[in-house]
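Report on one structure; see the data block that follows.
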Amino acid sequence: MAKKPVTSRRGRFFKLAGMTASVAGQYAGQRARRFLGREEDEAARSESYTRMAGQIADTLGELKGAVMKVGQIASQTQDFLPKEFSDALQKLQKEAPPMPFEVIVDQIERELGKPLGEAFEYLQEKPYAAASIGQVHRGRLHSGEDVIIKVQYPGVDESCDSDLRQLRTALKLGGLLKMPKESVDQLFGEIRERLKEELDYENEARNLKLFRNFHQDDEKVLIPDVIDSHSGRRVLTLELVEGDHISEIAPEHYDQDTVNGIGTRIFTTMADQLFRFHCIHGDPHAGNFAFRPDGTLIMYDFGCVKKLKPDIVEAYRKALIAALDEDYAALDRHLIDLGARVENQPAVDQAYYAMWRDILIKPFNTDAPYNFAESEIHKDVAAKTSTVFKYLDYFKPPVESIFIDRMIAGHYWMMKRLGVHAAFGPELERYLDESRLKHTSAGGD
C-alpha cells in the first residue's frame, strides 16, 4: 500500500525542518571535532557526508515536488555539491513511488470540475509513470481516443517557495554550499523560475505546441498533441503516442544502423533547439524519450523548457569554437561572457583548459564513428574532479546556461545506453558555421 503523502505546507515544512536540524547537527559535530584538534580523515568525512546525503535524498524522495526536482538537478551538477551528495541524489533520477490512486482521482475531479466518469471512459489505476511533481495515467475519452493524463501531486505548487527555502537552509547549515551567496541566489533563482513554469501545466501545453511546430518538418520526430478540453493548470491530457523505452531497445528490432540513425536524430534535435530555436527541452532523461524501429524519436514532458538569450547562445558557440581551435585565451574570455568564470580573477592556466578539452572533445575529434557504448568520458571527468578545487574561486555555476549543460549530459547518457556509433564532429562544425554566418550577417564580429 502506498505511503500516505505529505501534501500540506505545514507538514512539508516540519519534515524539511527536521531534516535540516539533523544535517546541521551532524555538520556542527564535525566542526567541533576539528576545533578540538580531532581532524577527521578523508574516509570518516566521506562516511559522514554519505550519511547526511542519504537522509536528504530519502526526505526529498518522500516529499517529491520542488525539493525532489532540485535534488535531480543537483545530481547532474557535479560542482554544486560534494560527490557523496551527487551520488546519493542520483537515485532521485529513477521513477518515484506513486501516489495513492484516490489522491489522483480527487485532483482530476477538482481540476476539471466534473466526476471522473464524465471526463473519461476509463482511467487506468496503475500509473504509466511517476515522477517528481506528478504522475501519468493511461485513459480513454468517451470519443474512443486513447490518451495519457498527467496529474500534478496536490500541494507541491503551493509549497514550492517554502520547500526551496528549507532545502537551501539545510544545504547551507550542512556546510554544503561552497559558493558565494550571489551565485547561490542566482542558482536557486533560476531553479525556482524553471520550477514555477514546470508546475503550470497550461504553460507546458503551450510549450508542447511550440515544439510541435518547431519540429513539424521532421516526420521522424514526434511530440504528442494536447487535448485542451481535458487539460488545466494541474491536469494535462495528451494524445497517446507510444514507443519503446530505452531499456527495450533490442538488436532484433533495432540493428546498429537504426541505433546510429536515432543517435544522429537525438544530436541534431538538440543542436537545432540550441542554435536555431534558442529554446531547449531542459529535462532530457531517458523516461522523457521513446523510440520506434523505423528510427522515430518521440519526445515527452515539456514542463522544463529554457528559452535562451541570443547572447548566451553566441557566447556558448564562441566557447565551443575556441575549445575546438585550442585557443584557450579566447575560451577564458567567452566563459566570462557565459557567466561561468569569475571576471576579476586572473586568467586560468591554459593547461587546465587543455586537460578538460582533451576529455570532452573525444566524440567530435575524429571523422571515424565514436563508440558511445564504450565511452568512459564520465569516468575521466570523475577522475579529474579533484582538480576543480584548485580553481574553485575562478568559476561559478553558469546560471543562464546550466540547462544547456544538463541537456548535453542527459543526451550523453542516452547515447551511451543506446550504444550509438557516430561521428558528430562534422555535424557540430556545420551548426557552428551556420551560426557564425548568421551572426556575421547580423553585424557581429
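The values are calculated or read from the model by the stated rules, or taken from the named source; none is laboratory data. On a predicted model such as this, the values are computed, not experimentally measured, just so you know. Cβ sites come from the backbone with ideal geometry, for glycine too, and all protein chains shown count toward neighbours. For accessibility, only protein heavy atoms count, side chains too; no ligands or nucleic acids. Shrake-Rupley method; radii C 1.70, N 1.55, O 1.52, S 1.80 Å.
General observations
- Residues whose amide H lies under 5 Å from that of residue 221, counting only those 5 or more places away or on a different chain, are 297; hydrogens are built 1.01 Å from N in the peptide plane.
- Taking 0.36 nm per residue of separation and subtracting the current Cα-Cα distance, fully stretching the chain between residue 327 and residue 409 would add 27.1 nm.
- Amide H to amide H, with H built 1.01 Å from N, residue 395 comes under 5 Å of 342, counting only residues 5 or more places away or on other chains.
- Across the cross-link table entries 114/150; 307/379; 396/416, which are compared at the Cα atoms, the separations over 19 Å belong to 307/379; 396/416.
- Size of segment 303-445 as Cα extents on the principal axes (Å, biggest first): 41, 41, 36
- Largest-first principal axis extents, alpha carbons of segment 342-413, Å: 41, 26, 22
- Charge tally in the Cβ shell below 15 Å around residue 358, where Lys, Arg are +1 and Asp, Glu are -1, residue 358 excluded: -2
- Cα-based reach from residue 126 at 14 Å (exclusive), listing aspartates and glutamates while leaving out same-chain residues under 8 positions away: 95, 102
- Relative packing of peptides 116-123, 420-427 - highest average C-beta neighbours within 10 Å first: 420-427, 116-123
- Ranked order, 192, 265 - accessible area, probe 1.4 Å, largest first: 192, 265
- Ligands, DNA and RNA excluded, the heavy atoms of residue 387 present near 40 Å² of accessible surface to a 1.4 Å solvent probe.
- Cβ-defined net charge surrounding residue 373, 13 Å radius [Lys, Arg +1; Asp, Glu -1]: 0
- Figure note: 157, 325 ranked by solvent-accessible area, largest first, 1.4 Å probe, ligands and nucleic acids not counted: 325, 157.
- 3J(HN,Hα) along segment 268-275, derived from phi through the Karplus expression 6.51 cos²θ - 1.76 cosθ + 1.60 where θ = phi - 60°, amounts to 5, 4, 5, 5, 4, 5, 6, 8 Hz, with x in place of Gly and Pro.
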